[in-house]
Amino acid sequence: MMTRLTLRRPDDWHVHLRDGAMLAGVLPETARHFGRAIIMPNLVPPVVTGADARAYRDRIMAALPKGMDFTPLMTLYLTEATDPADLARAAAEGLITAVKLYPAGATTNSQSGVRNFDNVMPVLEKMAEIGLPLCIHGEVTAAHVDIFDREQVFLETVLDPLRARIPALKVTLEHITTSQGIDYVANASGDIAGTITTHHLMINRNHMLVGGIRPHYYCLPVAKRASHQQALRKAAISGNSRFFLGTDSAPHTDETKESACGCAGVFSATNTLSCLAHVFEEEGALDRLEGFTSLFGPARYGLPVASQTITLEKRDTAVPYPAKIDTGAGPVTLFDPGHPLYWHVLDA
Ligand code: NCD
Ligand code: ZN
């Protein structure tokens, strides 16, 4: 039985680090294991200009504890007012790695998102021209569409027509939660990839709703039925380089999660790699873990594979993770996979 596994240092291709006291609290959790991460721009107000991205990157670097080695890969939040010239400049300066599309109203802090795609065509055409990827939160927001169908409907009514309009646009469909999303990315022609979160590999909607409502499993896109979870697992372990890790670790304080109207987001940075090793071992695919966490993402983004490595070790006894981490903004509950974890990352 395998009890040690060395991987190129992983990257997280979708994470929320927030700002201020929350940033200071959660950043070490990501930087401890991940060398780089795509930083979501949904702050309040959002990161929309090159200047915003520079200032946010500087705040992240200022919050990084001494001795930790971490590179934030910045994104801009696409709005209908985004200036293609500002965006192209930020890309040329190496300040941004991607642009994020939130359909207006889709999720936490997405009020400034896109309502009418006609208004962002010049920006998307510029991105296609310069090869800057668009990271997409793929859910429609129309009130009549059932929340469990929002991803599937997005593929048909928004994503496919959009890609037909701009075939050269590089697209990352983020946090895929449905078999339809997996099939779309696996089979589409053109430049497309998809990220999968840790928690969507480990839970389905029953975990969230059976035997009591569990607010810490509520996130967007919402977890779907078990058959979709199985499709995500199959894609993650497939070795298909179009699928790689974006944890979507999205911290909210317990006060805002455990509420009559709780926020969407699962915080998993601390134990994500333990969880993933568990899943890949369950699937008999530990040999595929490195591709998913450390190789396919850099290839997709045209970045070098990490030169450093991390080593995971399997213990006989459960790894003692805290139930929550304390941040200056308040306690944040850690993702609970619902069973003990035995793999852990050895200290470098
Ligand atoms: C994210 C957040 O809290 O910012 N929440 C979530 O449930 N994933 C937003 C997002 O990525 O949708
Ligand atoms: Zn997210």
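Readers should treat all values here as calculations from the given coordinates under stated rules, not as data from a laboratory. From a predicted model like this one, the values you see are computed outputs, not experimental measurements. All Cβ positions, glycine included, derive from the backbone under ideal geometry; neighbour counts span all protein chains shown.
Measuring nothing but alpha carbons in region 154-241 and taking Rh as the Kirkwood radius, the Rg to Rh ratio lands at 1.02.
Starting from the coordinates of the alpha-carbon atoms of the chain, obtain the Kirkwood hydrodynamic radius over all distinct pairs and give the value in Å to one decimal. Over the chain, the inverse of the mean reciprocal pair distance is 20.1 Å. Between 0 and 90 degrees, the angle of helix 121-130 with respect to the longest Cα principal axis of the chain falls at about 70 degrees.
Within 14 Å, Cβ to Cβ, of THR97, how many net charges do the neighbouring residues add up to if Lys/Arg are +1 and Asp/Glu are -1? Value of the local net charge: +2. Dividing the convex hull volume of the alpha-carbon atoms in region 81-198 by its residue count gives 113 Å³ per residue. Between SER189 and ASP316, the FRET efficiency from the beta-carbon distance, with R0 = 51 Å, is close to 0.60.
Between region 19-54 and region 179-254, the C-alpha centres lie 22 angstrom from each other. Summarising the label geometry, the points placed 7 Å from Cα in the beta-carbon direction at ASP146 and ALA92 lie 5.0 nm from one another.
An ellipsoid equivalent to region 169-296, defined through the eigenvalues of its Cα gyration tensor, has semi-axes of 25, 16, 14 Å when rounded to whole angstrom and sorted largest first. Translational diffusion coefficient of region 114-179 (Stokes-Einstein, Kirkwood radius from Cα pairs, 4 °C, 1.567 mPa s): 103 µm²/s. Taking ALA250, ALA223, ALA85 in turn, the Gaussian network model of the chain (Cα-Cα springs below 10 Å) assigns the largest fluctuation to ALA85. Taking a ≥ b ≥ c as the square roots of the eigenvalues of the alpha carbon gyration tensor, region 208-255 is oblate, as a/c is not under 1.5 and a/b does not beat b/c. Given +1 on the Cβ of Lys and Arg, -1 on the Cβ of Asp and Glu, and no further charges, what dipole in debye does region 4-345 carry about its Cα centre, rounded to the nearest 20? The calculation lands at about 440 debye.
Across region 4-345, the relative contact order, built from alpha-carbon pairs under 8 Å that are at least six residues apart, equals 20 percent. Exposure proxy for SER241, SER274: other Cβ atoms within 10 Å of each Cβ, ordered fewest to most, give SER241, SER274.
Relative to its residue count, region 11-169 spans a Cα convex hull of 117 Å³ per residue. Two decimals is fine: what is log10 I(q)/I(0) at q = 0.14, 0.15, 0.31 Å⁻¹ for region 56-102, from a Debye sum with one equal scatterer on every Cα and no solvent? Listed by q, the Debye log ratios stand at -0.42, -0.47, -1.16.
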